[in-house]
1. Six or more apart or on different chains, Cβ atoms under 7 Å: show the pairs whose first residue is in region 77-94 and within 22 Å of Thr112 (Cβ to Cβ) and whose second is β-branched (Val, Ile, Thr) and surrounded by 23 or more Cβ atoms within 10 Å (Cβ to Cβ).
2. If I filter region 263-274 for residues that are aliphatic (A, V, I, L, M), part of a loop (DSSP other than H, G, I, E, B) and touching a strand residue (DSSP E or B) at 6+ places or on another chain (Cβ under 8 Å), do I get at least one hit?
3. Among the residues of region 99-111, what is the count of those that are touching a residue at least 12 places away in the same chain (Cβ under 8 Å) and assigned to a helix (DSSP H, G or I)?
4. Inspect all residues belonging to region 179-198 and state whether any of them is within 25 Å of Arg88 (Cα to Cα) and open to solvent by 30 Å² or more (accessible area, probe 1.4 Å).
5. Out of all the residues in region 140-156, which are among the small types (Gly, Ala, Ser) and either open to solvent by 10 Å² or more (accessible area, probe 1.4 Å) or more than 12 Å from Asp80 (Cα to Cα) (or both)?
6. Can you report the number of residues in region 202-243 which are in a loop (DSSP other than H, G, I, E, B) and either without any contact (Cβ under 8 Å) to a residue 12 or more places away in the chain or among the basic types (Lys, Arg) (or both)?
7. Can you name the residue in region 81-111 that is under 21 Å from Leu135 (Cβ atoms) and charged (D, E, K, R) and is also nearest to the chain's Cα centre (by Cα) among such residues?
8. Within region 63-80, is even one residue over 25 Å from Ser238 (Cβ atoms), open to solvent by 20 Å² or more (accessible area, probe 1.4 Å), hydroxyl-bearing (Ser, Thr, Tyr) and modelled with pLDDT under 90?
Amino acid sequence: MITLVRRVTAACVLAASLAACAGHPPAPAGQPARPAPSAPSAAPSPHRPTLAPGPAGLTPVFENAPRSGERTVALTFDADMTADQGPRAAAGERFDNPALIATLRRLRVPATVFMTGRWAEEYPDQARALGRDPLFEVANHSYSHYAFTGDCYGLPTVPRARMRADVERAYTAFREVGIADPMPYFRFPGGCYDRAALKALTPTGVTAVQWDVVGGDAFATDPDAVARQVLDGVRPGSVVVLHCTRSAAPATERAIRTVVPELRRRGYRFVKVSDLIAARGGRL
C-alpha cells in the first residue's frame, strides 16, 4: 500500500537549510510556468521502467526492490538548489560537487541523480555531461525544491495547482541544457508528500522515488560516520539517498570512497534506480 505521508528527518536536514533562502513561489502568482510535456518524451524502453499507478490512479511510490533478489543497491544523489538561491551561487557558494561525480566515474559506480531544474540552469555543462554519461541517469527533483506538502522542514510550499507545472518546468530545464533523455522518476523535495500531491502528479506519468536508507550526509563533516550509516542500513534492493551539493554535504565524496569498496566486498552490485524498478516488475 502506498504510504500517503512519508517524512524522513535525517535525510531532510538539508531541506530545512535550503529553505532559508527560499521565500517566494516558483513563479509570480497568476503567471504560468514555461510549458513542457507532461512526461519525458522518449518512447518507453527496457531502460525506462515505471510502476503502475496506485489505488485510485495515484502516482506510484517506489522505495526499494524485493529483498529476495540478488545483492543490488542503488546510490542516489540529490542535486539540490532552490529557485531563489541564485544570489548565493553568484557569491561563490557551490551547490555542485564535481569531485563526487569524478569519484563515481573512477570507481565505475552507476548512480541516479535527482536534479532540480534550477540546479541544471546553474550548472548546465555538468548537467549535460551527466545526462550524456551512460553511467548515470538523471531524474526529476522538481524545478524549485519547494515542498509539495505543508510543514515540510521549513520549506516554502508549492501551491497544489502548480505542482504539476513545477515538475514539468524541471523537465523543460533539463532539455534546454541538453539532457535529451531524463528519466520518468520524481523525488519529492524534503521527501514529503501526501495524497493530494500524488494526485496532482498523476498526469505527468512519473514514478515517485523515495528511499529506505538515509545517508545522513547533509551538513555532515565526518565521512566515516556517513559511511557507517550507509553500510549499516543497506539491504538487498536498497535505495540510498545522499546529496550532490558541495557546500551542504561536504563529506559525501570521501564517504563514497569507503562505502563502495566495502559493499563490493560484501557482494553487492551497484545499479541505477531504473534497474531496481525493473526488478520490482516495472512496466515498460
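1. That search, which allows pairs on different chains as well, returns Phe77/Val113; Asp78/Val241; Ala79/Val113; Ala79/Thr116; Ala79/Thr245; Asp80/Thr116; Asp80/Thr245; Met81/Thr116.
2. Our first condition is that a residue be aliphatic (A, V, I, L, M); within region 263-274, this holds for 263, 271, 273.
Next, from what is left, pick out any that are part of a loop (DSSP other than H, G, I, E, B): none.
Within region 263-274 (the criterion being aliphatic (A, V, I, L, M), part of a loop (DSSP other than H, G, I, E, B) and touching a strand residue (DSSP E or B) at 6+ places or on another chain (Cβ under 8 Å)), the answer is no, since none of the residues qualifies.
3. Quick first cut of region 99-111, residues touching a residue at least 12 places away in the same chain (Cβ under 8 Å) only: 99-101, 103-105, 107-111.
Narrowing further to those that are assigned to a helix (DSSP H, G or I): 99-101, 103-105.
Counting residues in region 99-111 that are touching a residue at least 12 places away in the same chain (Cβ under 8 Å) and assigned to a helix (DSSP H, G or I) gives 6.
4. Scanning region 179-198, I find no residue that is within 25 Å of Arg88 (Cα to Cα) and open to solvent by 30 Å² or more (accessible area, probe 1.4 Å), so the answer is no.
5. Looking only at region 140-156, we keep the residues that are among the small types (Gly, Ala, Ser), and these are 142, 144, 147, 150, 154.
Ala147, Gly150, Gly154, listed by residue number.
6. Step one: filter region 202-243 for residues in a loop (DSSP other than H, G, I, E, B), giving 205-206, 210-212, 215-222, 234-237.
With the extra rule that they be either without any contact (Cβ under 8 Å) to a residue 12 or more places away in the chain or among the basic types (Lys, Arg) (or both), the set shrinks to 235.
Qualifying residue count for the region: 1.
7. Asp96
8. no
The values are calculated or read from the model by the stated rules, or taken from the named source; none is laboratory data. Since the model is a prediction, treat every value here as computed from it, not as a measurement. Counting neighbours? That spans all protein chains shown, and the Cβs are built from the backbone with ideal geometry, glycine included. For accessibility, only protein heavy atoms count, side chains too; no ligands or nucleic acids. Shrake-Rupley method; radii C 1.70, N 1.55, O 1.52, S 1.80 Å.
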